[in-house]
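To start, the structure itself, in structure tokens.
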Amino acid sequence: MAFMDFQAEFPLTPAATRHDLFEALVAQVDFSPLEWTVISLARHDRRPTDSLPSELRRIIALLFGERGARPLANARLEALRRAAVALWNRRPLAESDAAAFGRAGFTSGHLNVLRMAISSEPGAVA
């Protein structure tokens, strides 16, 4: 992702608050209602297990009755979901997920809005 000078785009004054910065970011980049729904639903998704072999995933599902979240059919929404799952679960965004997020057309501004929205939720990362 390209470097963005947020200080120039969103100058902070002493009176500026976190909410003011969030509002300024959302005015620049926002998610569609469908994308906000994906972000909200990702809160309840478990950590992606795509890195595990399919046989191992089946054994885990049989033993523990757990099913991983199935990928979304839309690649853009799946990239957003994976980024949101990582942030909801207080994990850093994996390089492969960050690359997919960028390829899906999202910017660093989108990622900042996503981080701020998730961190402002009760029980989320501060």
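The values are calculated or read from the model by the stated rules, or taken from the named source; none is laboratory data. These numbers were taken from a predicted model, which means no experiment stands behind them. Neighbour counts are summed over all protein chains in view; Cβ atoms, including those assigned to glycine, are modelled from backbone coordinates with ideal geometry. Areas reflect the complete protein model, heavy atoms only, side chains present, ligands, DNA and RNA absent. Shrake-Rupley method; radii C 1.70, N 1.55, O 1.52, S 1.80 Å.
Structure notes:
- Pick from the stretch 113-126, criterion more than 10 Å from L87 (Cα to Cα) and open to solvent by 40 Å² or more (accessible area, probe 1.4 Å), ranking: modelled with the lowest pLDDT: A126
- The residue of the stretch 73-97 that is modelled with the highest pLDDT, among those that are open to solvent by 70 Å² or more (accessible area, probe 1.4 Å) and aliphatic (A, V, I, L, M), is A75.
- When the stretch 98-110 is filtered for residues that are without any contact (Cβ under 8 Å) to a residue 40 or more places away in the chain and surrounded by 15 or more Cβ atoms within 10 Å (Cβ to Cβ), the ones remaining, listed by number, are A100, F101, A104, F106.
- Those helices (runs of 4 or more DSSP H) lying entirely in the stretch 68-119 with at least 3 residues touching a Phe, Trp or Tyr at 6+ places or on another chain (Cβ under 6 Å): none
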